[in-house]
Amino acid sequence: MSAVAFIGLGTMGQGMAANLVAGGHDVTVWNRSAVAAEALPSERVVVAASIAEAVAGAEFVMYALADDAAVNDVVLGAQGIAASVDVTSIVIDLSTISPAASAAEAAAFSARGVRFLDAPVFGSKGEAANGGLWIVVGGDEATFESSKVVLEPISATLHYMGPSGNGAKMKLVGNLVVAAQLEALGESLSLAKKAGLNLHDVLGVFAVTDFRSPIFDGVGAAVAANDYSPSFALKLMLKDGNLVKDFAESLGVAVPGTIATVGTIERAVDAGYGEENASALIKVLASDAGVDLAE
């Protein structure tokens with residue numbers, strides 16, 4: 001098995017690192033907050049004191065960071081991954097960031113002759129913990145093939161999207177669809193409740209019709225149970241929504257639905273729901289309609 005450095009042990013990173021350990025890899029971790037490493041099996045994980053210590057001798061360096069600012073610090077900073085990694089390593093970014101930030105990373109690693117993949121993931125806490133993420137990958141195809149040994153233990157499916165940057169772009173395209181589904185679910189449940197329909201009956205129809213969706217199934221049941229415990233925080237969805245909006249604007253593509261959904265998310269964050277699950281945007285839609293969606 002491979003020597004892997006894993007950087008970033010947030011909600012997603014902990015699950016991914018644990019599955020790499022379960023897959024038999026030798027894993028060294030580093031996180032800006034050392035507390036995050038405590039949830040991993042201590043007898044099988046080495047906790048490094050610095051980025052340089054974590055990446056030394058690693059065949060693969062993988063990281064899951066929150067946003068562009070974290071990438072600028074942890075990856076592109078003076079003591080960051082790009083400056084510290086061995087030239088023989090393969091570096092894999094699993095974060096959801098802007099295509100511009102991804103391009104900056106690719107340039108920094110290319111300047112040192114280091115192989116790099118942008119490989120953001122679809123899924124949330126549950127999929128990360130269960131090794132069931134869906135990963136979209138940009139970069140050299142031969143490097144992608146060599147990296148399957150560490151990508152397969154954390155994923156349900158892998159999708160090679162083409163040259164460097166295409167993984168980051170595909171992630172934003174997919175996030176547009178996720179945001180639209182949550183907005184549609186919130187609007188439709190609010191309308192149904194206002195009309196006097198039983199939400200369990202409504203969700204039963206959603207589960208079998210030609211517009212069925214795992215998001216409708218899982219989030220719908222949670223909303224009816226008044227469960228907004230975070231698998232993916234609403235504040236991070238706001239970050240992702242703005243990335244989609246900015247990306248579309250840079251290409252001259254109109255995304256009026258996304259703009260409306262970002263507005264809903266902003267109102268929900270302003271209302272104090274930012275640390276709750278991304279589905280908490282539905283709370284403001286229900287409030288607008290004057291209904292309580294808890295059954």
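Could you pull out the residue among A248, A233 that is in contact with a strand residue (DSSP E or B) (Cβ under 8 Å, 6 or more places away or on another chain), surrounded by 12 or more Cβ atoms within 10 Å (Cβ to Cβ), in the same structural domain as S188 (by TED's automatic domain parsing) and over 14 Å from Q181 (Cα atoms)?
Just a single option satisfies the conditions, and that option is A233.
Testing N198 on (1) surrounded by fewer than 16 Cβ atoms within 10 Å (Cβ to Cβ); (2) more than 21 Å from K283 (Cα to Cα), one condition comes back false. Which one is that?
Going through (1) surrounded by fewer than 16 Cβ atoms within 10 Å (Cβ to Cβ); (2) more than 21 Å from K283 (Cα to Cα) one by one, N198 breaks only (2).
Looking for something on the phi > 0 side of the Ramachandran plot and within 22 Å of the chain's Cα centre (by Cα) - is there at least one such residue anywhere in region 80-94?
Within region 80-94, not a single residue is on the phi > 0 side of the Ramachandran plot and within 22 Å of the chain's Cα centre (by Cα).
If I filter region 207-229 for residues that are modelled with pLDDT of 95 or more, more than 20 Å from the chain's Cα centre (by Cα), among the polar types (S, T, N, Q) and not in a helix (DSSP H, G or I), do I get at least one hit?
yes
So which residues in region 285-295 are assigned to a helix (DSSP H, G or I) and touching a Ser or Thr at 6+ places or on another chain (Cβ under 6 Å), if there are any at all?
L285, A286, A289
With the condition kept exactly as written, say whether any residue in region 49-61 is under 17 Å from G167 (Cβ atoms), in contact (Cβ under 8 Å) with a residue 24 or more places away in the chain and touching a strand residue (DSSP E or B) at 6+ places or on another chain (Cβ under 6 Å).
yes
Say we look at region 22-32 and pick out the residues that are more than 11 Å from V150 (Cβ to Cβ) and touching a Leu at 6+ places or on another chain (Cβ under 7 Å); which of these is modelled with the lowest pLDDT?
The residue in question is N31.
Has region 77-92 got at least one residue that is in the same structural domain as D140 (by TED's automatic domain parsing), within 19 Å of K171 (Cβ to Cβ), not in a helix (DSSP H, G or I) and not acidic (D, E)?
Within region 77-92 (the criterion being in the same structural domain as D140 (by TED's automatic domain parsing), within 19 Å of K171 (Cβ to Cβ), not in a helix (DSSP H, G or I) and not acidic (D, E)), the answer is yes, since at least one residue qualifies.
Do we find that A192 is surrounded by fewer than 21 Cβ atoms within 10 Å (Cβ to Cβ), in contact (Cβ under 8 Å) with a residue 12 or more places away in the chain and either on the phi > 0 side of the Ramachandran plot or not in a strand (DSSP E or B) (or both) in this structure?
Against the criterion (surrounded by fewer than 21 Cβ atoms within 10 Å (Cβ to Cβ), in contact (Cβ under 8 Å) with a residue 12 or more places away in the chain and either on the phi > 0 side of the Ramachandran plot or not in a strand (DSSP E or B) (or both)), A192 does not qualify.
Considering region 61-73 alone, what residues qualify as being over 23 Å from H25 (Cα atoms) and either surrounded by 16 or more Cβ atoms within 10 Å (Cβ to Cβ) or among the small types (G, A, S) (or both)?
Of everything in region 61-73, those that are over 23 Å from H25 (Cα atoms) and either surrounded by 16 or more Cβ atoms within 10 Å (Cβ to Cβ) or among the small types (G, A, S) (or both) turn out to be A66, D67, D68, A69, A70, V71, N72.
So is A52 over 23 Å from A142 (Cα atoms), exposed (fewer than 15 other Cβ atoms within 10 Å of the Cβ) and not polar (S, T, N, Q) or not?
No; evaluated as a whole, the condition is false for this residue.
Can you tell me which residue in region 33-75 is farthest from F232 (Cα to Cα), limited to those that are modelled with pLDDT of 95 or more and in a strand (DSSP E or B)?
F60
The values are calculated or read from the model by the stated rules, or taken from the named source; none is laboratory data. These figures come from a predicted structure and were not determined experimentally. We place every Cβ from the backbone using ideal geometry, glycine too, and count neighbours over all the protein chains shown.
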